[in-house]
Amino acid sequence: MIPSFGDPFEALFAMQRALDARLASDWMGRGTAGTGAYPPINIFQKEDDLVVILELPGIAKKDLEIQAKENTIRISGRKAINYDERASMHRRERVSGVFDRTVSVPIQIDPNGIKAEYRDGVLAIFIPRAEGEKPRTIPIK
Amino acid sequence: MVSHQELQVQEKREVEKKEETTIPARVFVPATDIFETDQALTVVLEMPGVDKESVSASVENDILTIEGRIDFSKYEGLQPVYTEYNIGHYARSFQISSTIEQGKIAADMKDGVMTLVLPKAEKAKPRKISVG
């Protein structure tokens with residue numbers, strides 16, 4: 001769990017450590033993650049639900065497509081970079097092209113409740129857990 | 001122009017600091033394109049998660065310095081379960097020539113990509129030399 005956000009510098013460091021600790025963790029199970037594919041993903045848990053966050057800088061919203069089926073989410077799109085053809089390039093580090101990545105999460109999800117938000121080059125997908133999958137507290141008689 | 005090449009993951013690079021900071025949080029290097037036309041030098045930097053209020057660019061002693069800060073309070077209450085990349089602020093600097101009109105640098109930020117246009121000073125623009 002990411003600790004309190006009282007001290008912003010300490011909080012950022014704590015979050016970086018928390019992200020490192022889960023780097024390519026086995027939470028996804030075997031072979032479903034497609035590690036190494038573009039774009040890299042981070043998956044978080046928020047109470048019962050999941051939040052998938054991807055960095056997709058410079059992609060127009062209309063060039064992004066998200067599909068959901070059962071417990072699988074597919075994120076595809078294209079990234080275009082347009083520069084004046086007459087310009088002379090000094091440095092070229094940004095990459096353009098097409099991508100298509102499918103992620104199967106190891107829980108039952110509610111595909112109709114999925115929401116996505118793209119802002120400042122970051123895509124966040126909110127995935128609610130299926131109602132029947134939510135943990136129930138069992139009262140002790 | 002969209003190439004139909006499949007996108008490959010670029011590992012995020014960390015800033016190599018000359019001085020150590022008191023807080024050991026990591027800072028990343030934005031992937032950058034730089035190109036030049038007759039009129040200007042354009043610098044394009046990718047800083048996902050940075051909005052236009054959280055970015056700064058300055059020129060001092062011919063060094064262009066760009067800094068972008070992410071709003072990580074959005075991550076409050078999120079518990080990571082599986083990760084492939086880390087997040088942090090961004091910083092990068094470039095030595096630029098003094099032939100830039102430093103007062104006329106224009107900046108734009110869209111979808112996490114910052115575009116800086118550095119117009120060339122009049123004397124620095126190329127002139128065609130006719131052979132007599």
- Pop a pseudo-label 7 angstrom from the Cα along the beta-carbon direction at both B:GLU36 and A:ASP100 and give the gap in nm to one decimal. 4.1 nm
- Note on the structure: If every Lys and Arg gets +1 and every Asp and Glu gets -1 at its Cβ, then about the Cα centre chain B yields a dipole, in debye to the nearest 20, of 500 debye
- Item | Cα-based Lys pair tally, chain B, threshold under 23 Å, eight or more apart or on separate chains | 11
- Radius 9 Å from Cβ of A:PRO57, net charge of other residues (Lys, Arg +1; Asp, Glu -1): -2
- Query: Can you give the helix-only mean residue ellipticity at 222 nm for the protein assembly as shown, where every DSSP H stretch with n ≥ 4 adds -39500 (n - 2.57) and the sum goes over all residues, rounded to the nearest 500 deg cm²/dmol?
  - Reply: -1500 deg cm²/dmol
- Query: When you look at the Cβ of every residue in B:103-112, what mean number of other chain Cβ atoms sits within 10 Å?
  - Reply: 3
- Query: Relative to the first principal axis of the alpha-carbon coordinates of chain A, what is the inclination of helix A:8-21, with its axis defined by its Cα atoms, in degrees from 0 to 90 and to the nearest 10?
  - Reply: 80 degrees
- Message: For the pair A:ASP84/A:GLU131, report the inter-label distance in nm, with labels modelled 7 Å from Cα in the Cβ direction.
- Response: 5.9 nm
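Each value in this text was obtained by applying a stated rule to the coordinates, not by laboratory testing. Owing to the predicted nature of the structure, the values given are computational and were not obtained by experimental measurement. Backbone-built Cβ (ideal geometry, glycine too); neighbour counts: all protein chains shown.
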